[in-house]
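Below is one structure, written out as structure tokens, with a few remarks after it.
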Amino acid sequence: MRHAIAIGLAGTLLLSGCATVPQQLAGTDFVAVSPQQAASQALRGPRVRWGGQIISVETKSDSTCFEVLSRELRSDARPHEHDASDGRFLACGKGFYDPEIYTKGRDLTVVGELAGTEQHNVGEFAYTYALVDVDSVYLWPEYHYHDYYGYYDPWWPYYGYGYPYWGWGYWWAPPVVVVHPPGPGHHH
């Protein structure tokens with residue numbers, strides 16, 4: 001019986017680790033070009049799916065623009081957490097995106113068409129940004145995970161703290177505590 005439960009739990013954990021791209025980011029018609037390449041060529045028209053960390057948010061009367069530090073996307077379209085970057089890009093879309101929710105450092109993925117470039121200063125440096133006219137903006141939920149070679153580990157921060165851990169052929173779980181209900185005549 002315990003083996004059946006363990007196998008069922010392991011199957012559930014494996015399925016929950018499968019990468020699923022959010023519906024508004026799904027598709028295959030995206031060009032494989034980095035923000036730096038798009039900026040250097042001032043590309044217009046091709047569709048991209050880019051993501052990274054929000055640097056800043058600027059709201060306008062009818063649109064919102066995100067300055068994003070580009071990161072490579074994982075198989076689920078969420079940006080990787082690492083120090084490598086393909087540069088910065090601007091992603092502008094119609095509507096209001098509250099800067100108190102879309103805050104600096106949050107993970108963001110966008111889908112849209114390349115719309116040329118814009119030049120702004122980063123400090124005193126004149127930086128040329130690739131510009132994306134976005135159809136979809138996806139703000140990823142905040143949670144902490146650890147990424148070993150592209151492998152999502154939902155239990156990462158809890159190793160050794162009594163939570164289940166699955167990885168490298170080991171299974172550790174918290175102790176099972178059985179509490180018997182009080183018998184007749186016992187009161188709490």
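The values are calculated or read from the model by the stated rules, or taken from the named source; none is laboratory data. Keep in mind that what you see is a predicted model, and the values were worked out from it rather than measured. Reconstructed Cβ throughout: ideal geometry from the backbone, glycine too, with neighbour counts over all protein chains shown.
Data table
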{"read-out": "Test for ALA115: is it of a type outside the set (Val, Ile, Thr), over 27 Å from THR20 (Cα atoms) and in a strand (DSSP E or B)", "value": "yes"}
{"read-out": "Residue count for the range 78-92, restricted to those that are modelled with pLDDT under 95 and either touching a Ser or Thr at 6+ places or on another chain (Cβ under 6 Å) or aliphatic (A, V, I, L, M) (or both)", "value": "4"}
{"read-out": "Residue count for the range 102-129, restricted to those that are small (Gly, Ala, Ser) and under 21 Å from the mean Cα position of the chain (by Cα)", "value": "2"}
{"read-out": "Given (1) more than 15 Å from HIS120 (Cα to Cα); (2) in contact with a Phe, Trp or Tyr (Cβ under 7 Å, 6 or more places away or on another chain), number of the condition ALA77 does not satisfy", "value": "(2)"}
{"read-out": "Which numbered condition SER40 fails, given (1) assigned to a helix (DSSP H, G or I); (2) crowded, with 20+ Cβ neighbours inside 10 Å", "value": "(2)"}
{"read-out": "Residue match in the range 119-130 (condition: of a type in the set (Phe, Trp, Tyr), at pLDDT 95 or above and within 22 Å of ALA26 (Cβ to Cβ))", "value": "no"}
{"read-out": "Criterion: at pLDDT 90 or above and over 19 Å from GLU72 (Cβ atoms) - qualifying residue of ALA26, ALA32, ALA42", "value": "ALA42"}
{"read-out": "Odd one out for ASP86 among (1) closer than 16 Å to ALA39 by Cα; (2) in a strand (DSSP E or B); (3) in contact (Cβ under 8 Å) with a residue 40 or more places away in the chain", "value": "(2)"}
{"read-out": "Every pair of residues 6+ apart whose Cβ atoms lie under 8 Å, when the first sits in the range 30-55 and is basic (Lys, Arg) while the second is assigned to a loop (DSSP other than H, G, I, E, B)", "value": "ARG47/GLY27; ARG47/ASP29; ARG47/PHE30; ARG47/VAL31; ARG49/GLY27; ARG49/PHE30; ARG49/ALA77"}
